[in-house]
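Values in this text are rule-based calculations from the coordinates and carry no lab data. Because the structure is predicted, anything quoted here is derived from the model rather than measured. Glycine also receives a Cβ, built like all others from the backbone with ideal geometry; neighbour counts cover every protein chain displayed.
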């Protein structure tokens with residue numbers, strides 16, 4: 001697997017190593033779920049847990065994994081009822097930013 005650009009703190013190199021080797025090198029490569037499905041699950045989880053710092057990068061990755069903008073918008077809407085309106089509103093703002101920046 002190609003090396004990815006990481007946004008982990010440089011003060012925590014082991015976290016970056018585990019992310020590369022275990023999370024993306026193993027978990028994301030398992031055949032039981034497609035990367036597209038994993039992206040949908042991850043975006044939903046990040047909205048539910050209110051983790052906006054990681055959500056933008058995972059929305060970008062989801063688009064790269066074949067998830068459409070309409071599907072991401074539907075995940076955000078769906079999560080409004082299961083994870084709370086404020087979390088979904090933040091997710092919608094992040095999605096708008098991802099889509100606007102992706103058009104530049």
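Things to note:
- A Cβ distance below 6 Å, combined with a sequence gap of six or more or placement on separate chains, defines the contacts here; from region 74-92, residues that are free of Cβ contacts under 8 Å to residues at least 12 places away in the same chain reach residues that are surrounded by 12 or more Cβ atoms within 10 Å (Cβ to Cβ) in the pairs 80/88.
- Test: residue in region 76-86 that is more than 18 Å from residue 37 (Cβ to Cβ) and in a loop (DSSP other than H, G, I, E, B): yes
- Unique residue being surrounded by 14 or more Cβ atoms within 10 Å (Cβ to Cβ), out of contact with any helix residue (DSSP H, G or I) (no Cβ under 9 Å at 6 or more places or on another chain) and part of a helix (DSSP H, G or I) when the list is 20, 60, 54: 20
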